[in-house]
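The values are calculated or read from the model by the stated rules, or taken from the named source; none is laboratory data. Since the model is a prediction, treat every value here as computed from it, not as a measurement. Every residue, glycine among them, receives a Cβ derived from its backbone with ideal geometry; neighbour counts consider all protein chains shown. Each accessible area value is taken on the protein alone, full model and side chains, heavy atoms only, with ligands, DNA and RNA left out. Shrake-Rupley method; radii C 1.70, N 1.55, O 1.52, S 1.80 Å.
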Number of protein chains: 2
Amino acid sequence: MPRTLPEPSVDSFDLTVILSALADPGRRTLMRALYDSVDPIDCAILVARVDLGLSNPTISHHYRVLREAGLTRTVADGRKRVVRVRRDDMEYRFPGLLQAVLGAPEREGGQAEAREGRM
Amino acid sequence: MPRTLPEPSVDSFDLTVILSALADPGRRTLMRALYDSVDPIDCAILVARVDLGLSNPTISHHYRVLREAGLTRTVADGRKRVVRVRRDDMEYRFPGLLQAVLGAPEREGGQAEAREGRM
DNA sequence: TCCATTCTTTGACCGTCATCGAATCATAGA
DNA sequence: TCTATGATTCGATGACGGTCAAAGAATGGA
């Protein structure tokens with residue numbers, strides 16, 4: 001029987017907590033991978049895909065931080081953990097934030113970008 | 001003679017540094033006051049207006065963090081410090097980020113907001 | 001030149017955080 | 001029931017960050 005792990009209600013989102021959660025590069029990497037996918041993803045598969053180079057306890061810690069900030073929803077089903085971004089809730093409380101944080105390149109010319117106009 | 005205090009070039013903006021800078025409530029308060037104003041503001045006047053309840057060294061520290069992240073530009077003229085948001089640079093590197101962070105209410109029903117539709 | 005004012009830097013303190021190894025827990029399968 | 005597997009918790013450690021008091025520039029005025 002799947003059970004949803006503890007998470008804050010959308011009304012109790014805290015911008016400080018959310019920005020602190022997004023301030024970590026590893027957590028942003030997880031968020032981007034989740035953000036690109038519409039469907040929920042198996043935690044283990046996601047981790048294997050992005051390869052953060054961190055230990056299992058640390059990964060688990062990061063998942064928890066994201067979930068307790070309200071950024072993700074995690075459903076435990078047996079030994080499996082399925083996670084997804086709380087898009088609607090985030091959009092309701094902080095419109096455009098996820099797109100601005102996850103959509104922009106980390107550094108100048110990071111990923112494939114438009115790169116036109118403006119000097 | 002006015003001199004601009006050291007700041008990063010727009011090409012060396014670091015999302016981790018910027019989000020960390022914005023993760024502090026006091027710094028966000030400063031940023032909002034700056035963001036609402038089009039013209040540069042005298043640091044002392046700004047601080048007096050928002051009243052963070054912090055010591056002078058701490059305020060100075062926060063100003064420095066914002067500046068070194070690339071969020072603000074500070075010009076020293078005599079004993080006066082004039083600061084403003086680097087809107088264009090931020091918009092170029094992280095479009096929509098400042099609006100998303102500074103425009104949304106900190107908590108549910110924080111400031112005067114639309115509050116319509118959506119349950 | 002000297003003093004008073006204002007901001008910054010320094011140094012220290014303390015709490016928080018990222019990280020890992022080891023131990024613990026929970027579940028699926030034999 | 002027993003065991004193997006995957007995730008979490010615990011405990012420790014090192015680093016970072018916010019804060020302030022005290023000391024140190026820098027400036028404007030007497």
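Observations on the structure shown:
- The number of residues in segment A:5-32 being β-branched (V, I, T) and within 12 Å of DNA strand D (Cβ to nearest atom) comes to 1.
- Some residue of segment B:90-98 being over 22 Å from A:P105 (Cβ atoms) and under 13 Å from the mean Cα position of the chain (by Cα): no
- Failed condition for A:D36, given (1) surrounded by 13 or more Cβ atoms within 10 Å (Cβ to Cβ); (2) within 13 Å of the chain's Cα centre (by Cα); (3) more than 14 Å from every other protein chain (Cβ to nearest Cβ): (1)
- Subset of segment A:32-46 (residues that are touching a helix residue (DSSP H, G or I) at 6+ places or on another chain (Cβ under 7 Å) and charged (D, E, K, R)): A:R32
- Restricting attention to segment A:33-60 and to residues that are near DNA strand D (Cβ under 9 Å from one of its atoms) and not in a helix (DSSP H, G or I), the residue that is nearest to B:P25 (Cα to Cα) turns out to be A:S55.
- Only one entry in B:E106, B:E91 is within 11 Å of another protein chain (Cβ to nearest Cβ), touching a Leu at 6+ places or on another chain (Cβ under 7 Å) and open to solvent by 30 Å² or more (accessible area, probe 1.4 Å), namely B:E106.
- Residue check, A:L19 under 30 Å from B:G26 (Cα atoms) and either modelled with pLDDT under 95 or of a type in the set (A, V, I, L, M, F, W, C) (or both): yes
- Among the residues of segment A:1-32, none is identified as part of a strand (DSSP E or B) and closer than 17 Å to A:G96 by Cα.
- Flag for B:V17 being of a type in the set (A, V, I, L, M, F, W, C), within 14 Å of chain A (Cβ to nearest Cβ) and open to solvent by 50 Å² or more (accessible area, probe 1.4 Å): yes
- Per-region count, segment B:59-80, residues touching a helix residue (DSSP H, G or I) at 6+ places or on another chain (Cβ under 9 Å), open to solvent by 40 Å² or more (accessible area, probe 1.4 Å), at pLDDT 95 or above and near DNA strand C (Cβ under 8 Å from one of its atoms): 1
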